[in-house]
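Here's the structure we're looking at; comments come further down.
Each value in this text was obtained by applying a stated rule to the coordinates, not by laboratory testing. Please read all numbers here as calculations on a predicted model, not as lab measurements. FYI the Cβ positions are ideal-geometry reconstructions off the backbone, even for glycines, and counts take in every protein chain you see.
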Amino acid sequence: MSFAFVIDINSVNIVIALTVLILTFIFISTEKLPNAIAAMTGGFLLIVFRIVTQEEAVEFIDFDTVGLLTGMMISVAVMRKSGLFEYIAIKGIKLTGGNPWKILVVLSIVTAVLSAFLDNVTTVLIIVPLTFAVAEAIRINPLPILISEIMFSNIGGAATLIGDPPNIMIGGATHLDFLDFISNNLPVTVLVSIVTFMLLRLIYYRKLMAIVVEKERIEAFDETKVIEDKKLFTISLVVFSLVIMAFVTHQLHEISLASVALGGGFVMMLATRQDPEEILKEVEWPTLFFFLGLFVIVGGLEKTGVIGIVAVKMVELSEGEITYATQLVLWVSALSTTVINSIPFTATMISVIRDMEAIMPGNIDPLWWALSLGACLGGNGTIIGAAANIIVAGFSQKTRYPLRFAEYLKVGLPLMFVSIIIVSGYLFLKYGLLR
Amino acid sequence: MNQVKDYMYKDITSVNETTTLRRAIRIMRLHRIDAVAVVDKTGKYAGCISAQEVINASVPDYIKSIYNTSFMSRIDQITAHLTNMLDDPITHLINKKCPSLSPTDSMAYAADLLSRNKKTILPVVEEGIFLGWVSKIDILSVVSDKQKT
């Protein structure tokens, strides 16, 4: 009698936790509610329904991820003031001599490199307005460049631990460090970049080069003017380089990423004499609360046992074989994140893979790489696939060149599939055949 | 008390919704003021259009999003946008919620309203009828020009 009662309570809990998770996914993916509000309300509901206690909720939060994000946001807020990013982008544009195809390539590479070190949304918020400025100056249609920038923000973000939220979360949750991400993800993202450029060239080269541009208008750009404060420029660049070096040498000093990032952020504020009031306002608090809420929801789901059931199913589907499981995680991640937000998806999958670890023999690292690459690159499939895509599309709606869902889909979806096929082959060779 | 009616600049020149931007700018230049009042078909005050709003509208959103535009100092995109807007009606530039003063308001209140709304000039309106303007310089003259008080 009492046993039946326990079962019943637990299944009610499963229903509640799943309902909260699914509703949160729906509200976020359809943009019916701001992310932070959806996730925090969801987390709150789990506490109200006694599925988790407040103490458990706090334990579920991965403060390594939250701290790393916060630290990077602080550093970026200081560096933005220095004009460093505009300087790099405009310098690059001038090197192209006004050749539209080369502008696409240079701005995409700058986007990829910045995305590898900064949050993708921040990167596109810097690059996209500059792209419009250049496109208008030489009177070309900016849409091919914007589409390419979206794709390369997600590709570049996949390359490093700090490049994209899924990677930051995986880095926070596992033993994998900065160098592991470089050695596993960087080679394949370079390969994907090369193939993506070749395909974009086939699609856009003739269209872009059909216009004779006024090169003088590019030469009129003066990148040296954006650096108003040379000292701020130098110090922030030096501190940021030190932070990256500390990430790279993690194995030597074993100071956690979150501590390095937060410490680096505040040292940068100290060294450049920033007003904390002003800089901390630039921290994206809604994003941080979004993460906090999600960790609680996923933790609640984990506690009810749903995550464990999904993990067992995935192991069964892949017959306990790591090679199959890797492909399964990769394709599920890529296809899911083309339509749903990669952050809640990754939060959920991290729990699933952790449970798989308990029941799968051997090293399960390939599963983390499959999740990372699938969740980052999957975002390229549609205009709503990643936060950066949505930001660029939203931004373009206010201009004479609105980026439409279908127009992006025609290019983004096939190129996303090509990239996942490349990753699939890479993971198969690296962890299947050459194991 | 120093009242708005004693210091305002009485000028009831106004335009309507269908006026072109070109004409509105010409009126501002001729009258040497930063704004022009807009009246509806029945002659009632309906808002104003200020030089500030015209300039704001001529700066494209993407330029507003660039953190530091000094690298574009030798590029003339903004005037090009403004030129394109010249023959359009001013409909979308009209600020219908433009804060206004009444003739019996104190000049002190006028000063506060100007600084709060970051305006250089405010319309004076009484029962829907546009009467004139109070500018920043009118406020300063309250203290500098003792004879008037």
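Worth pointing out:
- Mean separation of Cα contacts under 8 Å (6+ apart) over length of the stretch A:84-135, as relative contact order %: 40
- Shielding value for A:54-60 is 0, the average number of Cβ atoms from other chains within 10 Å of each residue's Cβ.
- Spin-label model, B:LYS10/A:PHE417: points 7 Å from Cα along the beta carbon direction are separated by 7.7 nm.
- Applying both filters, DSSP loop and at most 16 other Cβ atoms within 10 Å, to the GluC sites (Glu not before Pro) of the stretch A:4-88 gives A:GLU31.
- Relative exposure of A:ASP64, B:ASP6, judged by other C-beta atoms within 10 Å (fewest first): B:ASP6, A:ASP64
- At R0 = 60 Å, FRET efficiency that the Cβ-Cβ distance of B:SER115 and A:ASN10 yields, to 0.05: 0.45
- Simple label model, 7 Å out from Cα along Cβ direction - A:LEU335 to B:ASP76, nm: 5.7
- Between B:ARG22 and B:MET1, the FRET efficiency estimated from the beta carbon spacing at R0 = 51 angstrom works out to 0.80.
- Simple label model, 7 Å out from Cα along Cβ direction - A:VAL212 to A:TRP285, nm: 5.6
- Check: the stretch B:4-148 dipole with +1 on Lys, Arg Cβ and -1 on Asp, Glu Cβ, in debye: 220
- The H on the amide N of A:MET360, modeled in the peptide plane, is under 5 Å from the matching H of no residue at least 5 residues off or on a different chain.
- Backbone N atoms of the stretch A:395-435 closer than 11 Å to the 7 Å Cα→Cβ label point of A:THR323 belong to residues A:428-435.
- Each Cα pair under 8 Å and six or more residues apart adds its separation to the average, and for chain B the resulting relative contact order is 33 percent.
- The long axis of helix A:405-428 is offset from the longest Cα principal axis of chain A by roughly 60 degrees.
- Potential lengthening between A:ILE26 and A:MET245 on full extension [0.36 nm per residue; Cα-Cα distance subtracted]: 74.9 nm
- For chain A, the relative contact order is 24 percent, taking Cα pairs closer than 8 Å that sit 6 or more residues apart in sequence and dividing their mean separation by the residue count.
- Distant-in-sequence amide H partners of B:GLY47 (H built 1.01 Å from N, under 5 Å): B:VAL38
- Whole-Hz ³J(HN,Hα) from phi, Karplus 6.51 cos²θ - 1.76 cosθ + 1.60, for the stretch A:206-215, glycine and proline x: 5, 4, 6, 8, 5, 9, 7, 9, 8, 5
- Positive-pole candidate from A:SER342, A:PRO144, A:VAL239, dipole of chain A, charges at beta carbon: A:PRO144
- Listed pairs B:LYS41/B:LYS97; A:LYS94/A:LYS207; A:LYS303/A:LYS430 exceeding 27 Å between Cα atoms: A:LYS303/A:LYS430
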